[in-house]
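Below is one structure; the comments refer to it alone.
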Amino acid sequence: MAKLSQKDIGGFLARQGILVAFVLFMIGFTLANQRFLDPDNVMGVIRSSAILGVMALGVTFVVISGNLDLSVGSMMSFSTIVVLDLHDKLGPALAIPAMFAMTLCLGAFIGFLVGYLRLNSLIVTLGMLSAIHGLTLAWSGGKNMDIADKAGTWFSFFGQSRMMGIPVPILIFALLAASLGMLLAKTPFGRKVYAVGGNNTAATFSGIPRARVVFTCYLISAFCVATAGLLQASRSMGSQNTVGQGLELEVLAAVILGGASLMGGSGTIFKTVIGVLILGFIQNGLLLVGLQFYVQYVVTWIIIILAVWLDIAAKRGKLWSPIA
Amino acid sequence: MAPGTLSTFLKRGAIWGFIVLELIFFTVAGHLLAVGEKTFMDLDNLLLLFKQSAPIGIIAMGMTIVMVNGNIDLSVGATYALSAVVLLDAMTWPIFGGLGDWVIPVACLLALLTGLFLGAINGIIVWKTGVDAFIVTLGAMLGYRGLVFMYNGEQPTSHLNWTLVDFAEAQFLGLHTATWFLLLVTVAMWFLMNRTVHGRNAYAIGDNREAAVNAGIKVGPHMMINFMIIGFLAALSAVVFYAESGSVNPNDGSLYELWVITAVVLGGTKLAGGSGSIIGTFGGVLAIQLLRKGLSHIGADTSTVNLVIGLILIAVLLLDRQLNVKGKGELKT
């Protein structure tokens, strides 16, 4: 009896746990500080989560296909620096497509190594984290990048302006989430991504071109990173070389919080968005309650482990692991 | 010659061949390109190389056994920083005020216990919850770093104890203190992995966990011990390094997991577990340090170092796949 109810609760928590936790957090923070649910505050949180969120969308594809991408933070620094530098040299209309093309090339390189050459994605993207950081430093010469004429350009549109009262970064995030969500859930390509991540061998025998699917996932990830770099550059109009450093971990944390398994084959765009919002609201809520900024790291640590633990506990029907 | 002997030899010796190539390349390139001193390697430089390898090298020895065991630890950089904070801060605590220089061993002990404890937390979570070590230590990397920042904000924690600095800068039989620690850890870990039951079981678990369970090996305690070892070694590395420098920034050690994993993978340890050696890791550590030194010797800046190390890591992976027996794991990937 007791065992059964424990299993039931575990199962429910695992299926909806992330939403339950989200709601509990929101209630708790609202009780602690009235301003938490203020529309301006909510909008602010989503706006500042947008950059992380856009990157998490792409990484979701990579993770579902059974791989990892640790290079997104480093790559985001690269695209931010490149677009800021080219802005003054070529003008924004040329700088943006040029930056997208270069970032996509990096993504294609990783996709080639992991997809076609079948190298371990953890090590490849760890290497690329370092290599792309080197590229960024070489491009900028180690100096901060700034746009010279900040007032006389429309480049700030992406990061700073509003349309219909909603900040543009939120619109871009929503648009990208909707279209990538459709791509993943409603198209043959999306199903292939799940198939490759779920059971590689079976996918190969069913005639699914694993290499091409993985390659495309990394291209999607690079596209998202380029978009995030654009948002970041446009928001701050200037940047350090290390602007994206460490973001790969927060992105991965958001994706894992959303319930995507690192083994591949599970996860959705919607859940990733929830994961991103949870991270954003926790950070904001802890600050509003008056705690130090850094407490969020410790809280994130605990939440990640609890989320994944409950998820696998429900799947095996036991709370504690069977490891002897 | 039996079939496969050549490829085995190439795999085992690859890292040392690479080191020799680096030496030749930087010596030749040094004569053509170096701005100041032309000689790349003399005895002083070599001793310095060993000393500078110590912080990464000591942690890499722990990472080897964790990876052979089939796990990974991404939280070593944060453990390193937190232990360093404990080490330096403990020396200023009023309760130790009356100890004089005896505060040094006490502070070192506290720092080492911190590392051991943080490793134990990771280990027990991996053991008891069954969550993948990658996720557990990824979370810990954020969490432990958060603790470092909560301790002292963004201020550096500083305390110079001259007795300790003298100890760290001392040379015994020509080698620096840090080098001695590196060698000591290497020998101890080699012994642990090759001559003890625990080491043999670590290989067995990494190679085939199911088989290990069926053979009656207690998988959980072994994994936990390995996480405690790497936590302890991360702390030891911090003790060795910060004894001399005396000041720790809250962001210190933040890319150490990258360097350490690079060194271990260069040394031939497989991510999947079950294979790898301490001697190989030692070679990997030297190769990376040599590369950093060599590149700066011929006037390359940080950007080139990062670029080259990243690409070499990928190249090693590619080479390793080519050298491995074809067909064995073809469909598994």
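Values in this text are rule-based calculations from the coordinates and carry no lab data. Computed from a predicted model, the values in this text were never measured in an experiment. With ideal geometry, Cβ positions are generated from the backbone for all residues, glycine too; neighbour counts draw on all protein chains shown.
Here are some notes:
- Its alpha carbons considered, segment B:211-333 gives a radius of gyration followed by a Dmax of 17.9, 56 Å.
- Sites B:D101 and A:W154, calculated FRET efficiency, Cβ-Cβ separation with R0 45 Å, nearest 0.05: 0.10
- Rg and Dmax [Cα atoms of chain B; Å; Rg one decimal, Dmax integer]: 20.6, 68
- About its Cα centre, the dipole of chain A is roughly 980 debye, where the only charges are +1 on Lys and Arg Cβ and -1 on Asp and Glu Cβ.
- Segment B:5-149: relative contact order as a whole-number percent, Cα under 8 Å and 6+ apart: 26 percent
- Remark: segment B:103-232 carries a charge dipole of roughly 400 debye about the Cα centre, counting +1 on each Lys and Arg Cβ and -1 on each Asp and Glu Cβ.
- Above-threshold pairs, the threshold being 18 Å between Cα atoms, out of A:K186/A:K271; A:K192/A:K315; A:K315/B:K128: A:K192/A:K315
- Largest to smallest principal axis extent of the C-alpha atoms in segment A:136-186, angstrom: 44, 30, 11
- The distance separating the Cα centre of segment A:268-285 from that of segment A:99-140 comes to 27 Å.
- Most mobile listed residue (B:V165, B:V126, B:V285) in chain B, GNM with C-alpha springs under 10 Å: B:V165
- Per-selection Rg to Rh, segment A:231-324 - Cα, Kirkwood hydrodynamic radius: 1.06
- Measuring gaps between exposed loop sites in chain B (GluC sites (Glu not before Pro); DSSP loop; at most 13 other Cβ atoms within 10 Å), the longest gap, sites not included, is B:155-329.
- For segment A:257-324, the set of chymotrypsin sites (Phe, Trp or Tyr not before Pro) satisfying both a DSSP loop assignment and a count of at most 10 other C-beta atoms within 10 Å is empty.
- Diffusion coefficient, µm² s⁻¹, Stokes-Einstein with Kirkwood Rh over alpha-carbon pairs of segment A:44-245 at 4 °C and 1.567 mPa s: 75 µm²/s
- Point-charge dipole on Cβ atoms (K/R +1, D/E -1) for the protein assembly as shown, about Cα centre, debye to 20: 2400 debye
- Inter-site label distance for A:F293 and B:N251 at 7 Å from Cα along Cβ, in nm: 1.1 nm
- One compactness figure for the protein assembly as shown is 0.97, namely its Cα radius of gyration divided by 2.2 N^0.38 Å.
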